[in-house]
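Peer 1: Please find one structure pasted underneath; my questions will follow.
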Amino acid sequence: MARMPFEGGNPKGGLRLKRWLIGLLIFLLVSLLAINSFTIGQFRIIPFSSTANQVNDIETKSQESTTTPPAQSGYVVNNKGCHIPDLSPFEPLVMRYIDKAKPIVCEHGVHLPLVSSNNSAIFINSEARNHYYNESESIDCCWRNFWRSDHKDNEITISKDCHFFKEATFVNEEFIRVECQRKNESIYRDYFAFVPRKLYVEEHCRERLRTLRSNSVLPTPSPERLSVLVVGMDSVSRLNFHRSMPRTLRLLRDMGAVEMLGYNKVADNTYPNLVPVLSGLSQIEFEKLCWTSHKKPFDRCPLLWKNFKAKGYRTIFAEDACYMTIFNYLKPGFRKQPTDYYLRPYCVAAESEIGNTHKLNANLCLGTRLNFDCLLHYTRKVAEEFADDPYFGLFWQASLTHDYIEYPQLGDDSYHDFFEYLLQNDLLRNTMLVFMSDHGMRWGSFRQTYQGHLEDSLPFVFLLLPYWWRTRHAIAWNELKRNTRSLTTPFDLHETLRDILEPSRLAIQSLHLQGHTRKDPKAKIPRGISMFRPIPEHRTCTMAGIPEHWCMCHERHNISHDDPIVTKVVGYLITELNGMLALYPQCAQLHVFALIDAKVLSNNAVEKENEAKETKKAPWTDYTVIIETTPGNAVFEGSMRHRADNGSIGLVGPVSRLNAYGRQSACVDDFHMRLYCFCH
C-alpha cells in the first residue's frame, strides 16, 4: 500500500509539497484579482452627472454642484408629473456629431487692434502700433460720436466733428467711431461703446425713489434692491454647455450658482422663448395684446424692463448679431429706444462697416476682435459703472453660438474670464446673475437624433445671488435649491425676476402659505411659478404651459415606419404644411421624399400614477415623425395626437424645421413661414 507523502519520514518531499501548495494559492489569488478587475472594468456604472472624459481633446471635467440635489434613478427630474432622463453630455454616439472647434481667424487679421478702450477712454495699443505706422511716423487718428436716428431702429446719425488724439483721450459719449489715416489714406476704422451717466436717467431714478418712499412703497435706503444681470447665449443646450464650456461650468459651481436642471423651453426659437421671460405671456398672448400687426413696433408691449424702470432702476438691452436680434429679425423692432442704454446703434454701425468673417447668419468678427467678446466687454462696463446702483440689464449673445454646435467651445475662456472678473472685483455684491440660454441647437444632423431632440428643448439656466440675500431670504433660497430638479419654464423665470423686483413677495408669511401646494394635487397651480416658491411634484407640461411637442417629460419609443397609423400621421403632417403654404403662391407645394423617424410618446410618470389609481388611459396617443420633403430637401419634425375614439388627428404644437433653409425662403417676409417655404 502506497503511503501518502506526509505519512512517511521524507522531509524533502513534504517541503516540496508545501511550496507547491503555496504557489498554487498565490496563482489562484492573483487570477481572482485579475478577473475581478476585468469584470469591474467591463461593467462599472458611472453616473452621467459625474462623468469625466476627454473626447476630441475637449476638457470635460465636471462635478456635482454643491447646490444641486443628487440625481434620482437616472433622471434629472423624477417627479409624479414629469420624468426627464439624465443623459451624458459625452455619450459616444453623441460625440460623433461634435467636432473640436477650430479657432476663428478674422478676415481683417489676427493682429491686435490699433485702438482699445476702457470704461472712459480710448488709447493706442503700443504692441499694434508698428503694424500700422513706421517708427518715425506719428499717429493720425480722430473719433466722432454717433447716435440712434429718431424713431429708427436700423439707422444711425454720425457727427461731422472728428476729435483728434495721439496716444489716449477721454470720451464722454455713448458711441464713437475711430478713424485713422496714414499719408492721407484711411488705414483703420473702429467702433466703441461706453456707459456714460445720463443726467435725465439719473434724475428719473432719483425721482422714482422719492415717489416710492413717500408712498411707503420702499423703506429707507438698503441693499435690498438687487440689480439683475441677465447674460444670455443663443442656441446652447444644458448638456452642450457642460460638454463645451467646462471651465465656465466649474467656476459657476465654485461661485455657488444654482443650475435649473429641468428648465424646458416653451416654443421653437429665441423670440417666443424670451417673450415669456420678459412679459410672462406666451407668444400668442403677447401678440394679441400688443403686436397685432407685424408692421407695428413693439413699443406698447409690457416688457419687464419697464417694470424695473418704474421702480427707479437703470435699464440696459444689448445684443450682437444685429441681423437676427430678438425684436428685429423680420420684425420692425422699436420706434422709441426701449431702454435707457440700448446697444443696437453700435451693433448696426459696427457690423455694417467692420463686420467680417460671416458664417451662416452672423459676423463672427468686428475688425480683428471677436463679435461676442465686444458684447462681453460692454457688459463688463455696465457691471462696473452700476455696481452700487440698481439696474436691469439683458445682454444676449448669438454671433458665436447660434449656428454651430461646437462653437461654444470657443467661448469657454472668455466667459470664464468675464465671470471671474465680476467675482474678483466684487461686482455682484448687490446683483442677481442670470446666465441662461433659450434652447439647444435646432437644426443639423445631431438635432435629428434622440438626444439632439431632447437637448433642443432643454437649455441651461444658472442663478447666482449674493450671500447676504441668501441669508436674509433663507426660505426662498432653500426653495430655489429644491426646485433645481423640478420642471421649470421661461414663465417661471419671469415670476422669479418679479420677486427680485418686489421683495415683499418673498415675505415668510407668503412663502409659508404656498408651502402646501408642493404635494397637494387639488391646489390651483398658476402657469408661472417663481423658482423661489414651492413647485408641485405633480406638475406636468400642460400645467406649466409647455406644448406637447416641446415637452421632455415624455419617453419616446420607436414605432415601425410601416404602421398604418404612422402612414396616416405623415399624410396629415404634409397636408397641414401645404395648407399653410397655400396662402403663399410663391411657395412650392411639398411632397414627402422620405420618412426619417417615427416615435410614439408616453409619459411614464403620469401613466404609472394612473395605473396606481386604476384610472383609465387617455383616449389619444401622441406621435412624433421626422420627414424629408421635396422640393428643397427640407427636414421637418411634427408631433400629432391621434384619438382612438374617433380616429381624428391634430397637430400638437408647431412643426419644427431641422435643417437650415438659407435663401430658399427669401420670397416671403413672414418669419414663421420662412421655416416652411421653398420659393419657386
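The values are calculated or read from the model by the stated rules, or taken from the named source; none is laboratory data. Only a predicted model underlies this, so the values are computations on that prediction, with no experimental measurement involved. Reconstructed Cβ throughout: ideal geometry from the backbone, glycine too, with neighbour counts over all protein chains shown.
Peer 1: Which of the residues spanning region 239-290 are of a type in the set (D, E, K, R) and either in contact (Cβ under 8 Å) with a residue 24 or more places away in the chain or under 20 Å from Met432 (Cα atoms) (or both)?
Peer 2: First, pick out the residues of region 239-290 that are of a type in the set (D, E, K, R): 243, 247, 250, 253-254, 259, 265, 268, 285, 287-288.
Passing the criteria: Arg243, Arg247, Arg250, Arg253, Asp254, Glu259, Lys265, Asp268.
Peer 1: Which of the residues that make up region 538-570 are among the basic types (Lys, Arg) and not in a strand (DSSP E or B)?
Peer 2: Keep residues of region 538-570 that are among the basic types (Lys, Arg), which gives 539, 556, 568.
Arg539, Lys568, listed by residue number.
Peer 1: Looking at Asn240, Asn273 in this structure, which one is farther than 30 Å from Arg148 by Cα, at pLDDT 95 or above, among the polar types (S, T, N, Q) and in a helix (DSSP H, G or I)? Reasoning before the result, please.
Peer 2: On the way: Asn273 fails: farther than 30 Å from Arg148 by Cα.
Of Asn240, Asn273, the one residue that is farther than 30 Å from Arg148 by Cα, at pLDDT 95 or above, among the polar types (S, T, N, Q) and in a helix (DSSP H, G or I) is Asn240.
Peer 1: Name the single residue that is modelled with the lowest pLDDT among those in region 74-91 being over 22 Å from the mean Cα position of the chain (by Cα) and assigned to a loop (DSSP other than H, G, I, E, B).
Peer 2: First pass over region 74-91, keeping only residues over 22 Å from the mean Cα position of the chain (by Cα): 74, 78-81.
Subset that is assigned to a loop (DSSP other than H, G, I, E, B): 74, 79-81.
Details: Gly74: 79, Asn79: 91, Lys80: 89, Gly81: 92.
This residue is Gly74.
Peer 1: How about region 660-680: which of its residues are modelled with pLDDT of 90 or more and in a loop (DSSP other than H, G, I, E, B)?
Peer 2: Matches in region 660-680: Gln664, Ser665, Ala666, Cys667, Val668, Tyr676, Cys677, Phe678.
Peer 1: What number of residues within region 234-255 are touching a Phe, Trp or Tyr at 6+ places or on another chain (Cβ under 8 Å) and under 19 Å from Tyr421 (Cα atoms)?
Peer 2: 6
Peer 1: Could you please find all residues in region 552-571 being more than 33 Å from the chain's Cα centre (by Cα) and surrounded by fewer than 19 Cβ atoms within 10 Å (Cβ to Cβ)? Walk me through it before giving the result.
Peer 2: Of the residues in region 552-571, the ones more than 33 Å from the chain's Cα centre (by Cα) are 560-568, 571.
Ser560, His561, Asp562, Asp563, Pro564, Ile565, Thr567, Lys568, Gly571, listed by residue number.
Peer 1: What's the total number of residues in region 187-204 that are over 34 Å from the mean Cα position of the chain (by Cα) and under 18 Å from Phe123 (Cα atoms)?
Peer 2: Residues that pass the stated criteria total 2.
Peer 1: Right, next: If you take the residues in region 103-116 that are hydrophobic (A, V, I, L, M, F, W, C) and exposed (fewer than 13 other Cβ atoms within 10 Å of the Cβ), which one is nearest to Leu410 (Cα to Cα)? Full working, then the answer.
Peer 2: Step one: list which residues in region 103-116 are hydrophobic (A, V, I, L, M, F, W, C), which gives 104-106, 110, 112, 114-115.
Now restrict to residues that are exposed (fewer than 13 other Cβ atoms within 10 Å of the Cβ): 105, 110.
Details: Val105: 12, Val110: 15 Å.
Ranking the candidates gives Val105 first.
Peer 1: Report yes if some residue within region 281-293 is within 30 Å of Ser88 (Cα to Cα), assigned by TED's automatic domain parsing to the domain that holds Trp443 and either basic (Lys, Arg) or not in a helix (DSSP H, G or I) (or both); otherwise report no. Steps first, answer last, please.
Peer 2: If we filter region 281-293 for residues that are within 30 Å of Ser88 (Cα to Cα), which is where we start, we get none.
No.
Peer 1: Identify, from the list Leu423, Leu433, the residue that is buried (at least 20 other Cβ atoms within 10 Å of the Cβ) and farther than 17 Å from Met245 by Cα. It would help to see each step written out before you state the result.
Peer 2: Details: Leu423 fails: buried (at least 20 other Cβ atoms within 10 Å of the Cβ).
Among Leu423, Leu433, only Leu433 is buried (at least 20 other Cβ atoms within 10 Å of the Cβ) and farther than 17 Å from Met245 by Cα.
Peer 1: If we keep just the residues of region 638-658 that are part of a loop (DSSP other than H, G, I, E, B) and in contact with a helix residue (DSSP H, G or I) (Cβ under 8 Å, 6 or more places away or on another chain), which is surrounded by the most Cβ atoms within 10 Å (Cβ to Cβ)?
Peer 2: Filtering region 638-658 for residues part of a loop (DSSP other than H, G, I, E, B) gives 644-648, 652-655, 658.
Remaining after also requiring in contact with a helix residue (DSSP H, G or I) (Cβ under 8 Å, 6 or more places away or on another chain): 652-655, 658.
Values: Val652: 19, Gly653: 18, Pro654: 18, Val655: 19, Leu658: 24.
Only one residue fits best here, namely Leu658.
Peer 1: Okay, moving on. Specify the residue that is nearest to Asn172 (Cα to Cα); the eligible residues are those in region 386-411 that are among the aromatic types (Phe, Trp, Tyr) and assigned to a loop (DSSP other than H, G, I, E, B). First the steps, then the outcome.
Peer 2: Filtering region 386-411 for residues among the aromatic types (Phe, Trp, Tyr) gives 386, 391-392, 395-396, 404, 407.
Within this subset, residues satisfying the condition of being assigned to a loop (DSSP other than H, G, I, E, B) are 386, 404.
Details: Phe386: 16, Tyr404: 38 Å.
Top of the filtered list is Phe386.
Peer 1: Also, I was wondering about something else. If you scan region 350-385, which residues turn out to be assigned to a loop (DSSP other than H, G, I, E, B) and closer than 14 Å to Val110 by Cα?
Peer 2: Filtering region 350-385 for residues assigned to a loop (DSSP other than H, G, I, E, B) gives 360-361, 367-368.
Correct list: Gly367, Thr368.
Peer 1: Mind checking which residues of region 663-672 are touching a residue at least 60 places away in the same chain (Cβ under 8 Å) and surrounded by fewer than 18 Cβ atoms within 10 Å (Cβ to Cβ)?
Peer 2: The initial filter retains those residues of region 663-672 that are touching a residue at least 60 places away in the same chain (Cβ under 8 Å), namely 665, 667-671.
Listed by number, the residues that qualify are Cys667, Asp669, Asp670, Phe671.
Peer 1: Tally the residues that are among the basic types (Lys, Arg) and touching a helix residue (DSSP H, G or I) at 6+ places or on another chain (Cβ under 9 Å), restricting the search to region 480-509.
Peer 2: The initial filter retains those residues of region 480-509 that are among the basic types (Lys, Arg), namely 481-482, 485, 498, 505.
Then drop every residue that is not touching a helix residue (DSSP H, G or I) at 6+ places or on another chain (Cβ under 9 Å), which leaves 482, 498, 505.
Total satisfying the criteria: 3.
Peer 1: Another question, if that's okay. Identify the single condition in (1) surrounded by 15 or more Cβ atoms within 10 Å (Cβ to Cβ); (2) among the polar types (S, T, N, Q); (3) touching a residue at least 24 places away in the same chain (Cβ under 8 Å) that Asn119 does not satisfy, given that it satisfies every other one.
Peer 2: For Asn119, the exception is condition (1).
Peer 1: Please state which one of Val266, Val228 is closer than 24 Å to Gln451 by Cβ and either among the polar types (S, T, N, Q) or not in a helix (DSSP H, G or I) (or both). Before the answer, list the steps.
Peer 2: Details: Val228 fails: closer than 24 Å to Gln451 by Cβ.
Within the list Val266, Val228, the selection yields Val266.
Peer 1: Can you tell me which residue among Lys306, Lys296 is over 15 Å from the mean Cα position of the chain (by Cα), part of a loop (DSSP other than H, G, I, E, B) and without any contact (Cβ under 8 Å) to a residue 40 or more places away in the chain? Lay out the reasoning, then the answer.
Peer 2: Values: Lys306 fails: part of a loop (DSSP other than H, G, I, E, B).
Lys296 is the lone residue from the list that is over 15 Å from the mean Cα position of the chain (by Cα), part of a loop (DSSP other than H, G, I, E, B) and without any contact (Cβ under 8 Å) to a residue 40 or more places away in the chain.
Peer 1: Name the residues in region 334-388 that are more than 18 Å from Arg177 (Cα to Cα), at pLDDT 95 or above and among the polar types (S, T, N, Q), would you?
Peer 2: Scanning region 334-388 gives Gln337, Thr339, Thr357, Asn363, Thr379.
Peer 1: Further, regarding this structure: Could you tell me which of the residues Thr325, Thr315 is under 20 Å from Tyr191 (Cα atoms) and either crowded, with 21+ Cβ neighbours inside 10 Å or modelled with pLDDT under 95 (or both)?
Peer 2: Numbers: Thr315 fails: under 20 Å from Tyr191 (Cα atoms).
It is Thr325.
Peer 1: Which of (1) surrounded by fewer than 16 Cβ atoms within 10 Å (Cβ to Cβ); (2) under 23 Å from Asp373 (Cα atoms); (3) of a type in the set (A, V, I, L, M, F, W, C) is the odd one out, the single condition Leu199 does not satisfy?
Peer 2: With (1) surrounded by fewer than 16 Cβ atoms within 10 Å (Cβ to Cβ); (2) under 23 Å from Asp373 (Cα atoms); (3) of a type in the set (A, V, I, L, M, F, W, C) applied to Leu199, the lone miss is (2).
Peer 1: Let me ask something else. Among the residues of region 333-348, is any more than 26 Å from Arg442 (Cβ to Cβ), polar (S, T, N, Q) and touching a residue at least 12 places away in the same chain (Cβ under 8 Å)?
Peer 2: yes
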